[in-house]
Every structure is written in structure tokens, then in C-alpha cells.
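What follows is one structure encoded as C-alpha cells, with my remarks underneath.
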Amino acid sequence: MSVFKGCGVALVTPFGKDGKVEFEALDKLLNHVIGGGVNALFACGTTGEPSTMTKEERESVITYCVKKANGKIPVFAGSGANNTADAVEFSVRCEKLGVDGLLVVTPYYNKCTQNGAYLHYKAISDAVHIPIIAYNVPTRTGFNLQPQTILRIGELKNVRGIKEASGDIDQVLEVARLLHGKLDWYSGDDSLTVPAMSIGAKGVISVAANVIPNDVRKMTDLCFDMKYDQAAALGFKINPFVKKLFCEVNPIPCKKALQLIGIDAGVPRLPLTELEQAHTEELSREMKLLGLIK
């Protein structure tokens, strides 16, 4: 049984003018995405800027999401680290906070071997009792989890899925081929949602769903109904906006888009910065075309 199907949202973490986590804005964001029909919440993944947050801050955000979801939709906590011992420790802590599962990014910066990555996931899997979704995003980590290694990791006792965000269509195809009937996988790239689901992905873990949860949910529902022509048409409609969400490093544009629709998630923490004016204007144009703003 899949840990979730459809539209998962990779939540941003709102920060106030004082730089602290802004829980009023987080509550507004959660109301927006849950009301928009997302099927799962992913707190403190890449989009949530966990690398600039203390463990206490991450725990507070994850706990808030668990309470807000109230068992209605699953909550996954980003618990990865480049230090295996830290990843194990925080994963155990997240399990105690009541999350439904973990999103564990590959080790970054250390540039381990494929076997090292397997042993990293094995150590985490051995320490917890809840589902794990492994997360491959080489553009952020500098490390690519090879499809054969993904298959091997999938044999661990509670690894239940993979978020495949390599952006390499050949790798996506190979992941789909190898994992078919063996392990669930999810698109980690909004723009590839429809193609990925057409070859077996169980859904998407989406940045865009912070802003347009209804559209992303509708797109995944159309795919499940085998209405790929309609899903593609919707994808073609929203993809120019999605592209602008990555005109600078995620979540810089996403936070600006949320601000423009009335959810003030603040600006990212340094070294990330506020969206540049020229990009803000381009983002605003696409949002106006979708009727998100006037």
C-alpha cells in the first residue's frame, strides 16, 4: 500500500521580519494547501530551508504540521543530513513527534559512494519504525543516487518510496522501469508530473502546490483517471508559472509568489535572498495570466 498518492506539498517555512519562524503565516499556508486538496504535507524538506534552521525550529514546525493535519492527511518530516549519525538521531526524534513518515535526502557535500548511500539509509531504516521516502536531488546535493542503488535501498525494511528529482528524463525512465511493481516513486519536478505519472509515478511532491494546490491536485487526479490529455493540457497551462518558480533558487520565487497571493512567508534566510525585481515582474505576469493576482 502506498504511503500516499497524488499531490504532496513541499512546504515553505515562513519567517517573520525578526527572522524567526512565523507560525501565523504557517497556519494560513496550511489552511490554503489543505483546503486546496493536497494529499500529504512535507515539512522541512529542501523547500522548507532546514539547512538554515536549528533542530528546535525544525521540530516546532514539524509538530505544528502534525497537529494541524490532525490525522486527516499524512505528514512527512525532512530528516536528512550529510552526517549519518545526525540523520539517524533526528529521524528518531521526528518519529517521536508523531509524523507519518520521513523524507530523507541523500547525503550531501561528502560525496559518498553508492554503497555509502545505501549504508546511510540502512542506518536510518534500522533506527525507526515509520515509512521512509528517499530523496534524490543531485542539483542540490552534488550526489546522484543511481537507479540500481534506489532499487537496493527499496529492499530495506521500511523504505517505501523515492522522490526522484534528478531532472534527467533518461534516469526517470530507468527508475520507472526498475521500480515497477517493487517500490513507489514520486516526481520531484513539478514540470514532469504528467509524464512521470504516465509511466508509473504515484504522484508529485510539489513546490507549486504551495501556491496552486487545487491545480496540482486536479492534475494528479486526472492522471489517476487516465485522462492524460486533460492532465497535459492543465500542465501546459501552469508550466510557464512553474518555470518562474525556479527562475532563482527554490524557495526564493515561491515565497514571493505566496506573498503576492496574500500569504506572507517572509524572505529566505541568508545566503538565499529575496527575489530580484526583474524576476518578480516576470513571476507576477505569469500569475496574472493564471488569474492568481490582478
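The values are calculated or read from the model by the stated rules, or taken from the named source; none is laboratory data. None of these values were measured; they are calculated from a predicted model. Counting neighbours? That spans all protein chains shown, and the Cβs are built from the backbone with ideal geometry, glycine included.
Observations, loosely collected:
- Selection status of Leu270, more than 17 Å from the chain's Cα centre (by Cα), in a loop (DSSP other than H, G, I, E, B) and surrounded by fewer than 17 Cβ atoms within 10 Å (Cβ to Cβ): yes
- Search result, residues across the stretch 28-79 that are assigned to a helix (DSSP H, G or I) and of a type in the set (Ser, Thr, Tyr): Thr46, Thr47, Ser51, Thr52, Ser60, Thr63, Tyr64
- Filter result for the condition that a residue is among the acidic types (Asp, Glu), in contact with a Pro (Cβ under 7 Å, 6 or more places away or on another chain), at pLDDT 95 or above and farther than 18 Å from Leu11 by Cβ, over Glu276, Glu286, Glu281: Glu286
- Scan of the stretch 85-110 for residues that are more than 19 Å from Ile205 (Cβ to Cβ) and touching a Cys at 6+ places or on another chain (Cβ under 8 Å), ordered by number: none
- Screening the stretch 5-58 for residues that are among the charged types (D, E, K, R) and modelled with pLDDT under 95 and picking the one that is farthest from Ala209 (Cα to Cα) gives Asp18.
- Remark: pairs (first residue in the stretch 98-119, within 11 Å of Leu145 (Cβ to Cβ); second residue of a type outside the set (D, E, K, R) and surrounded by fewer than 18 Cβ atoms within 10 Å (Cβ to Cβ); Cβ separation under 7 Å; 6+ apart in sequence or on different chains) = Gln114/Gln146.
- Selection count where residues are more than 14 Å from the chain's Cα centre (by Cα) and either under 20 Å from Ser51 (Cβ atoms) or not β-branched (Val, Ile, Thr) (or both), scope the stretch 140-166: 16
- Looking across the stretch 107-130 at every residue that is assigned to a helix (DSSP H, G or I) and in contact with a helix residue (DSSP H, G or I) (Cβ under 7 Å, 6 or more places away or on another chain), the one that is surrounded by the fewest Cβ atoms within 10 Å (Cβ to Cβ) is identified as Ala127.
- Residue match in the stretch 130-142 (condition: in contact with an Asp or Glu (Cβ under 7 Å, 6 or more places away or on another chain), within 16 Å of Val99 (Cβ to Cβ) and without any contact (Cβ under 8 Å) to a residue 40 or more places away in the chain): yes
- Candidate set from the stretch 75-106 (those that are among the polar types (S, T, N, Q) and in contact with a strand residue (DSSP E or B) (Cβ under 8 Å, 6 or more places away or on another chain)); member that is surrounded by the fewest Cβ atoms within 10 Å (Cβ to Cβ): Ser91
- Lys237 being under 18 Å from the mean Cα position of the chain (by Cα) and either closer than 17 Å to Thr46 by Cβ or modelled with pLDDT of 95 or more (or both): no
- Residue tally, condition part of a loop (DSSP other than H, G, I, E, B), over 22 Å from Gln148 (Cα atoms) and not aliphatic (A, V, I, L, M), over the stretch 80-97: 1
- Residue count for the stretch 159-178, restricted to those that are touching a Pro at 6+ places or on another chain (Cβ under 6 Å) and more than 14 Å from Phe143 (Cα to Cα): 4
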